[in-house]
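Heads up: the structure comes next, in structure tokens.
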Amino acid sequence: MAVEMKTLSEAEAVRSSVGSTPNPEVAVLPKRRRFSATYKRGIVRAAAACKESGEIGELLRREGLYSSHLTHWRREVEAGEHVALTPKRRGPKPDAAKVESRRVEALEREVARLRHALARSEQIIEAQKKLCELLGLPTGEETSR
């Protein structure tokens, strides 16, 4: 019993030094939301249809959106660009020069590999010709004539 009391008081001491007990649940990593072009247009139209005070806020709360979403989408719709409404690809843009240099390097490696394979094949053919001459067998060139 004394041992249990000691471990209990140690646990309380740890809890009091930390503050509160940590949540044992593992936090889920948030995902970036993506909105389709038709959804964006629909929200902009619905916001334009709102006449009374507070209706736009109610719409945004119901859809789980921010006013900045609506502002940004309105600008895109006003610009009239369908491309602007489609989701943008995030991250660094591919560098055309690097892509081309990697492609050239890969092709050069392929050429070197094929040249090596060709040289090996020519050596094998020469060895077969010499063997045929030593054994007195007809070569492929003589039989094709």
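The helices (runs of 4 or more DSSP H) falling completely within region 53-115 include none with 1 or more residues that are over 28 Å from residue 43 (Cβ atoms), in contact with a Cys (Cβ under 7 Å, 6 or more places away or on another chain) and at pLDDT 85 or above. Can residue 44 be described as among the β-branched types (Val, Ile, Thr) and either farther than 22 Å from residue 32 by Cα or part of a loop (DSSP other than H, G, I, E, B) (or both)? Considered against the rule, which asks whether it is among the β-branched types (Val, Ile, Thr) and either farther than 22 Å from residue 32 by Cα or part of a loop (DSSP other than H, G, I, E, B) (or both), residue 44 comes out as no.
The values are calculated or read from the model by the stated rules, or taken from the named source; none is laboratory data. Given the structure is predicted, the values throughout are model-derived calculations rather than measurements. Methodologically, a virtual Cβ is constructed for each residue, glycine included, from the backbone with ideal geometry; neighbour enumeration extends over all protein chains shown.
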